[in-house]
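Working notes, structure below.
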Amino acid sequence: MSNSGSVPDRNLLIATLRDYVEQLREEGLEGLPAGARVERAAPRTETESVPRVAAPAPISSAVPPQFPPAAEMLSKYPGLETTSTLEQLRTFIGDCQRCKLAPLRKNLVFGVGDPNAELMFIGEGPGADEDQKGEPFVGRAGQLLTDIIERGMGIARSEVYICNVIKCRPPENRNPEPDEVAACEPFMLRQIEIVKPKVIVGLGTFAVQAVLKVKTPISKLRGRWHEVRGIRMMPTFHPAYLLRNPGDKRLVWADVQEVMKVLGIQIPRRGGA
Ligand code: SF4
């Protein structure tokens, strides 16, 4: 009698393999090169150093972005596409009255940091502290972001560029409304085009969904690479969320380490905000 297994066994095996492949795909594995062989690595000796900058993970194809063409977004405001520096862009925005948030703000919060930064952080919009000072991420959540950048990544906050999807504070810290996002996002797009970062870190559900044009929850988006107009983007939790849920700092630290790999920044053996 044959021992090749019953039909139910085979079906179970196929279902298990299918689940495993699906799991790998969700983790970002796009496939193996043709003819690839798995070779067992020789055991590492005591004296061998451990490489600390690993190859970056591939970009996830799980959530294809639905971007309108950049030219279409920029054409909303004639002349916007001709701004070529952040100073010119800020002058173009001026005392903006293009959406209903304008009369409610104390200060328009444009963005801060290195105009040639390799790393750009994008949040949702200004809160009370940011509205007061005219600078993004300056409250308690901002201090935590600074800690992530400076203590976690080992780089100065002034070496990165930080901005928000919308530039004026929504009342009561509510989420920005679709018409407000539509009015303001061409400025964020132009900031991305001018700074040309190597990596964008999207902070929090709203910012990531607005930038990627998806409705997927942040818990499913974070930890994997996505692409926004040809630039790698790593979504992660907003620092304000971490203040309420400090146990999830380890997840943000894992995301930050992926960013450090792509930027060639050595990862300390112990770290994190
Ligand atoms: S949120 Fe943006 S579009 Fe609205 S007034 Fe402020 S800068 Fe202008």
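Under the combined filter of DSSP loop state and at most 11 neighbouring Cβ atoms within 10 Å, segment 76-178 retains these trypsin sites (Lys or Arg not before Pro): R174.
Between E87 and E150, take the C-beta separation as r, use R0 = 30 Å, and let me know the FRET efficiency to the nearest 0.05.
0.70
In loop segments of segment 212-270 as defined by DSSP, the trypsin sites (Lys or Arg not before Pro) with at most 10 further C-beta atoms inside 10 Å of their C-beta are K215, R269, R270. Calculated FRET efficiency, Q143 and S219, Cβ-Cβ r, R0 30 Å, to nearest 0.05? The value I calculate is 0.80. For the pair L251 and E159, the difference between a 0.36 nm per residue extended length and the Cα-Cα distance amounts to 30.8 nm.
Within straight-line reach of K106, meaning a Cα separation under 26 Å, sit the following lysines at least 8 residues removed in sequence or on another chain: K76, K133, K167. Remark: spin-label model distance R244-N173 equals 0.8 nm, labels positioned 7 Å along the Cα→Cβ axis.
Read the figures in this text as sums done on the coordinates, not as results from a lab. Given the structure is predicted, the values throughout are model-derived calculations rather than measurements. Cβ coordinates were reconstructed from backbone atoms using ideal geometry, including for glycine residues, and neighbour counts include every protein chain displayed.
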